[in-house]
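Heads up: the structure comes next, in structure tokens.
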Amino acid sequence: MQLNNQPAPSPFAQTYFHGTKANLKPGSLIEAGYNSNFGQRKNAAYIFLTATLDAAIWGAELALGEGPERIYLVEPTGPIENDPDLTDRKFPGNPTQSYRSKHPFRVVGEVTNWQSHPKEQVAAMKEGLDRLKAQDINSLND
């Protein structure tokens, strides 16, 4: 219902997640330029976010490093675009709602209650990524 010709309230803003092993606080910026978790593992030109918790869990589980896996709620500070590794190669149409950007993401919170994938499934995914690397199949994001 609208009163006094005022626009109706907009729905909730899109929620985005970022999975990592970095220890961040609300207000922190996640920026490009750090070693990538995939491909040639060089300094990444992009950073990644997703609108699905499942894809963020994968990001945390596959992240390099020794720290605990973490999932942050983030907001982009600039334009985002589809992640071509997923949308062009594996999941046309972007059902994983995975995106990339050269602009930082601001951490607005942390998801602390989430369920990991089964250890066997994570191991199989890591083995698959190792096979791609051994075959010199690189990320479109490198």
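Residue-wise HN-Hα couplings along the range 119-128, as the Karplus relation 6.51 cos²θ - 1.76 cosθ + 1.60 with θ = phi - 60° gives them from phi, are 3, 5, 5, 5, 4, 5, 5, 5, 5, x Hz; Gly and Pro carry x.
Annotation: amide H-H contacts under 5 Å for Val111 (H modelled 1.01 Å from N, sequence separation of 5 or more, or interchain): Ile71, Tyr72, Leu73.
Database remark: amide H of Ser28 closer than 5 angstrom to the amide H of Val107 (H placed geometrically; neighbours at sequence offset of 5 or more, or on other chains; Pro and chain starts carry no H). Computed from backbone phi, the HN-Hα couplings of the range 52-65 come to 10, 5, 4, 5, 5, 4, 4, x, 5, 5, 9, 5, 6, x Hz, rounded to whole numbers (Karplus: 6.51 cos²θ - 1.76 cosθ + 1.60, θ = phi - 60°; Gly and Pro given as x). In this entry, the range 16-134 is assigned a mean projected area of 7.1 nm², taken as a quarter of its C-alpha convex hull surface.
FYI, it's all coordinate maths here, none of it is from the lab. Since we're looking at a predicted model, the values are computed, not measured.
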